[in-house]
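Enquirer: I have a structure here, written as structure tokens, and I will follow up with some questions on it.
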Amino acid sequence: MAAVARGPWLPRAWLCRRAGPGCGRHYRAALCAELKQPLAIEEVASRPVRPHEVRVDVHFCGVNFADILVCRGQYQEKPQLPFTPGMEFSGTVLEIGTDVSTVKEGDRVIGVSGFNGMAEECVTDQKALWQIPERVPLREAAALPVSYGTAVLALEHRARTRPGETVLVTAAAGATGLAVIDVATNVLQAQVIAATGSDEKCKLAMQKGAQSTVNYSQGSLKEAVRKLVGSAGVNVAIDTVGGDVFLEALRSLAWEGRIVVVGFAGGNIASVPANLLLLKNISAMGLYWGRYKEQSFPVFSRTLSSALQYCQQGRIQPHIGAVFKLEEVNDAFLHVIQRKSTGKVLISLK
């Protein structure tokens, strides 16, 4: 999946459209012009900002599995072609609209704006931006929105994790998994059992703060957890894998335990045996992080503000697994698909 330069399928009128003042310059962007095909790097014309919008000079953009799914047409949201993927980014404010009051030119910000972050420039609503504290680098800030936003929501808002509780996290060496370890251990003072698919990833999880690890490629997750905590089980489980791993995590819960479904990286969606919920009075709940932006924006915004605050205080430290240039975006996607990287994968626009 090597980077593709100026694909032939984009109409030149689209590339060179003029929308009024401010559109004399162009910027590079990764474009999905055809589903299930490599992305192209194109020169795109800038457009004017509307009164409530902000133009951001993008420095880093996070790569998430959702970006890959949307480019395959397999995600819940299906943008009109052509589009630029990229759900999260960091950068500096270039220009603000007449009604913008939350940021000013020169401010360093993180943004969450649907699928348009993998570009040198991004125009977005002011509500989709959060100012980055002085001591937080742009590189680390770009890793916060999706992974740490999910971790904070899952642990604090959904599972209501309390100090001293035991948290089991699956796919623990991934970007979200490491964020869960970080927040659970260093913010909430919980005890973390990290479940991964290799000894190398188990080692990384321990380095990032987990108290115990389980390599679930070597046997039953439930039995391994039982050996660590006994028959009582774990209080909270955060699962991003699905399938049999989810069911094993569900069966590992303690009395009144809580499991939060974050995703299905394993490709299989399990059915919940309702009798297990009844026997130990346990709770199974979902977390669709992006939906909070539309349904409960105050909660959504608070989680990102908390992540930035925790990072500024030095309580959390995002793990950057790999950084690719914009023209290497297809290699970055392949890196994520093949699970070659631990932690967050970023695209550098500078």
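Enquirer: Among the residues of the range 278-291, which ones are open to solvent by less than 70 Å² (accessible area, probe 1.4 Å) and either modelled with pLDDT under 95 or small (Gly, Ala, Ser) (or both)? Walk me through it before giving the result.
Expert: Going residue by residue through the range 278-291, those that are open to solvent by less than 70 Å² (accessible area, probe 1.4 Å) are 280, 282-287, 289-290.
The answer is Lys280, Ser283, Ala284, Gly286, Trp289, Gly290.
Enquirer: Does the range 292-317 hold any residues that are part of a loop (DSSP other than H, G, I, E, B) and either more than 25 Å from Val234 (Cα to Cα) or open to solvent by 40 Å² or more (accessible area, probe 1.4 Å) (or both), and which are they? Can you show your working first?
Expert: Residues of the range 292-317 part of a loop (DSSP other than H, G, I, E, B): 296, 313-317.
Passing the criteria: Ser296, Gln313, Gly314, Arg315, Gln317.
Enquirer: For the range 19-62, which residues satisfy the criterion of being within 13 Å of Thr84 (Cα to Cα) and open to solvent by 10 Å² or more (accessible area, probe 1.4 Å)?
Expert: Within the range 19-62, Tyr27, Arg28, Ala33, Glu34, Leu35, Pro38, Ile41, Glu43 meet the criteria.
Enquirer: Say we look at the range 116-147 and pick out the residues that are part of a helix (DSSP H, G or I) and within 14 Å of Leu346 (Cβ to Cβ); which of these is most open to solvent (accessible area, probe 1.4 Å)?
Expert: Let us first name the residues in the range 116-147 that are part of a helix (DSSP H, G or I), namely 126-128, 138-141, 144-147.
Filter once more, keeping what is within 14 Å of Leu346 (Cβ to Cβ): 138-141, 144-147.
Values: Leu138: 27, Arg139: 90, Glu140: 28, Ala141: 0, Leu144: 1, Pro145: 0, Val146: 18, Ser147: 3 Å².
Ranking the qualifying residues of the range 116-147, first place goes to Arg139.
Enquirer: For residues that are at pLDDT 50 or above and under 21 Å from Lys78 (Cβ atoms), tally how many sit in the range 1-50. Walk me through how you get there before you give the answer.
Expert: Taking the range 1-50 as the starting set, the residues that turn out to be at pLDDT 50 or above are 23-50.
Filter once more, keeping what is under 21 Å from Lys78 (Cβ atoms): 29-40, 42, 44.
So the count comes out to 14.
Enquirer: Among all residue pairs at least 6 apart or on different chains, which show Cβ distances below 7 Å where the first residue, located in the range 87-110, is not assigned by the TED database to the domain that holds Val136 and part of a loop (DSSP other than H, G, I, E, B) and the second is open to solvent by 60 Å² or more (accessible area, probe 1.4 Å) and of a type in the set (Lys, Arg)?
Expert: none
Enquirer: While we're on this one: Can you give me the number of residues within the range 225-253 that are in contact with a strand residue (DSSP E or B) (Cβ under 8 Å, 6 or more places away or on another chain) and either buried (at least 20 other Cβ atoms within 10 Å of the Cβ) or of a type outside the set (Gly, Ala, Ser) (or both)? Break it down into steps so the answer makes sense when it comes.
Expert: Of the residues in the range 225-253, the ones in contact with a strand residue (DSSP E or B) (Cβ under 8 Å, 6 or more places away or on another chain) are 225, 228-229, 232-240, 242, 245-246, 249-250, 252-253.
Checking which are either buried (at least 20 other Cβ atoms within 10 Å of the Cβ) or of a type outside the set (Gly, Ala, Ser) (or both) leaves us with 225, 228-229, 233-240, 242, 245-246, 249-250, 252-253.
Summing the residues that are in contact with a strand residue (DSSP E or B) (Cβ under 8 Å, 6 or more places away or on another chain) and either buried (at least 20 other Cβ atoms within 10 Å of the Cβ) or of a type outside the set (Gly, Ala, Ser) (or both) in the range 225-253 gives 18.
Enquirer: Give me the pairs, please: first residue somewhere in the range 207-233 and over 16 Å from Ile259 (Cβ atoms), second residue anywhere and at pLDDT below 95 and in a loop (DSSP other than H, G, I, E, B), beta-carbon distance under 7 Å, and either six or more positions apart or on two chains.
Expert: Close Cβ pairs (under 7 Å, with a partner that is at pLDDT below 95 and in a loop (DSSP other than H, G, I, E, B)) amount to Asn215/Gly197; Asn215/Ser198; Ser217/Gly197; Ser217/Ser198.
The values are calculated or read from the model by the stated rules, or taken from the named source; none is laboratory data. Please read all numbers here as calculations on a predicted model, not as lab measurements. For neighbour counting, all protein chains shown are included, and Cβ atoms are generated from backbone atoms with ideal geometry for every residue, glycine included. Note: areas computed on protein heavy atoms with side chains; ligands, DNA, RNA excluded. Shrake-Rupley method; radii C 1.70, N 1.55, O 1.52, S 1.80 Å.
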